[in-house]
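J.: One structure coming up, written as structure tokens, with questions to follow.
The values are calculated or read from the model by the stated rules, or taken from the named source; none is laboratory data. Just so it is clear, the model here is predicted, and its values are computed rather than measured. FYI the Cβ positions are ideal-geometry reconstructions off the backbone, even for glycines, and counts take in every protein chain you see.
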Amino acid sequence: MFTSEKWVTSKWAKETKGKRATDIILMPSFWNHVIFILKVMDPLVRVLRLVDNEIKPAIRYIYEAMDRAKETIKRFLNKNEEKYVNSFTIIDERWNCQLHRPLHAAGYYLNHEFFYTIKSIGFDAEVLNELYQCVTRLVLSLEVQDKIIRELSLYKNTEGLFGIPMAVRSRTTTSPGINNLR
């Protein structure tokens, strides 16, 4: 637009603000910054779309979505920490004050689609701590809390109903907590 005949011959191109806008738009550094912003924002916009989705409950996907978004940003920026460290600081501040809740960690841990494919989930101290916080907060009965912890051991080790072939097959096809037998 700023190099087109229509712009060059317009009255705005001759004004001070128009000249300044043209100078900015034609600077290579401006476009380098635009590309950087797109590389950082695209994965984050995908997470926001997931969170704002009204069709599919997102709570069990938010944790993994943020991890994947940050990994994508790293990859887009050639794993150059200098380029993404400031962005990650901002992302982490927002994540910690708005989206990072024990319920999300519990949803992530209990999402069998991830739990059985991403082996580190079962050993992630932060996720486990927040899962236990969630159980403690939502379940007042100590007996029921203890039963949940025992059941989590079955879940983690794919024992009992968690290990039967039908349950194993459904890990990536059936959403946890959704009754698909209507």
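J.: Output the residue which, of all residues in segment 133-164 that are assigned to a loop (DSSP other than H, G, I, E, B) and of a type in the set (S, T, N, Q), is farthest from residue 122 (Cα to Cα).
T.: Taking segment 133-164 first, the residues assigned to a loop (DSSP other than H, G, I, E, B) are 139-141, 157-159, 164.
Remaining after also requiring of a type in the set (S, T, N, Q): 141, 157-158.
Details: 141: 24, 157: 10, 158: 12 Å.
Across segment 133-164, the extreme among qualifying residues is 141.
J.: Please state which one of 112, 104, 100 is at pLDDT below 85 and of a type outside the set (A, V, I, L, M, F, W, C).
T.: Numbers: 112 fails: at pLDDT below 85; 104 fails: at pLDDT below 85.
Only one candidate passes the filter, namely 100.
J.: Sort through 159, 143, 71, 151 and tell me the only one that's among the acidic types (Asp, Glu) and under 30 Å from residue 32 (Cα atoms).
T.: Values: 159 fails: under 30 Å from residue 32 (Cα atoms); 143 fails: under 30 Å from residue 32 (Cα atoms); 151 fails: under 30 Å from residue 32 (Cα atoms).
From the options 159, 143, 71, 151, the qualifying one is 71.
J.: Just the residues that are free of Cβ contacts under 8 Å to residues at least 12 places away in the same chain, outside any helix (DSSP H, G or I) and within 30 Å of residue 78 (Cβ to Cβ), please, taken from segment 3-38.
T.: 27
Residue-by-condition table, conditions (1) aliphatic (A, V, I, L, M); (2) without any contact (Cβ under 8 Å) to a residue 24 or more places away in the chain:
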{"site": "88", "(1), (2)": "no, yes"}
{"site": "91", "(1), (2)": "yes, no"}
{"site": "94", "(1), (2)": "no, yes"}
{"site": "120", "(1), (2)": "no, yes"}
{"site": "139", "(1), (2)": "yes, yes"}
{"site": "147", "(1), (2)": "no, yes"}
{"site": "156", "(1), (2)": "no, no"}
{"site": "161", "(1), (2)": "yes, yes"}
{"site": "172", "(1), (2)": "no, no"}
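J.: Do you know which of the residues in segment 77-131 that are among the acidic types (Asp, Glu) and surrounded by fewer than 16 Cβ atoms within 10 Å (Cβ to Cβ) is nearest to residue 163 (Cα to Cα)?
T.: Residues of segment 77-131 that are among the acidic types (Asp, Glu), as a first pass: 81-82, 92-93, 113, 124, 126, 130.
This time we only want the ones that are surrounded by fewer than 16 Cβ atoms within 10 Å (Cβ to Cβ), so: 81-82, 92-93, 126.
Working: 81: 41, 82: 45, 92: 36, 93: 39, 126: 26 Å.
Ranking the candidates gives 126 first.
J.: Oh, and also: Do the conditions hold for residue 57, that is, is it out of contact with any Leu (no Cβ under 6 Å at 6 or more places or on another chain) and in contact (Cβ under 8 Å) with a residue 40 or more places away in the chain?
T.: Details: out of contact with any Leu (no Cβ under 6 Å at 6 or more places or on another chain): yes; in contact (Cβ under 8 Å) with a residue 40 or more places away in the chain: yes.
The answer is yes for residue 57.
J.: Find the residue count for segment 48-65, including only residues that are farther than 8 Å from residue 108 by Cα and part of a helix (DSSP H, G or I).
T.: Filtering segment 48-65 down to residues farther than 8 Å from residue 108 by Cα leaves 48-58, 65.
Subsequent filtering for residues that are part of a helix (DSSP H, G or I) retains 48-52, 65.
Result for segment 48-65: 6.
J.: Restricting segment 10-29 to residues that are among the hydrophobic types (A, V, I, L, M, F, W, C) and surrounded by 12 or more Cβ atoms within 10 Å (Cβ to Cβ), which is modelled with the lowest pLDDT? It would help to see each step written out before you state the result.
T.: Filtering segment 10-29 down to residues among the hydrophobic types (A, V, I, L, M, F, W, C) leaves 12-13, 21, 24-27.
Cutting the leftovers down to surrounded by 12 or more Cβ atoms within 10 Å (Cβ to Cβ) gives us 13, 21, 25.
Details: 13: 79, 21: 85, 25: 85.
Checked segment 10-29; the qualifying residue modelled with the lowest pLDDT is 13.
J.: Something else about it: Tally the residues that are more than 20 Å from residue 112 (Cα to Cα), surrounded by 13 or more Cβ atoms within 10 Å (Cβ to Cβ) and within 13 Å of the chain's Cα centre (by Cα), restricting the search to segment 49-76.
T.: The total comes to 4.
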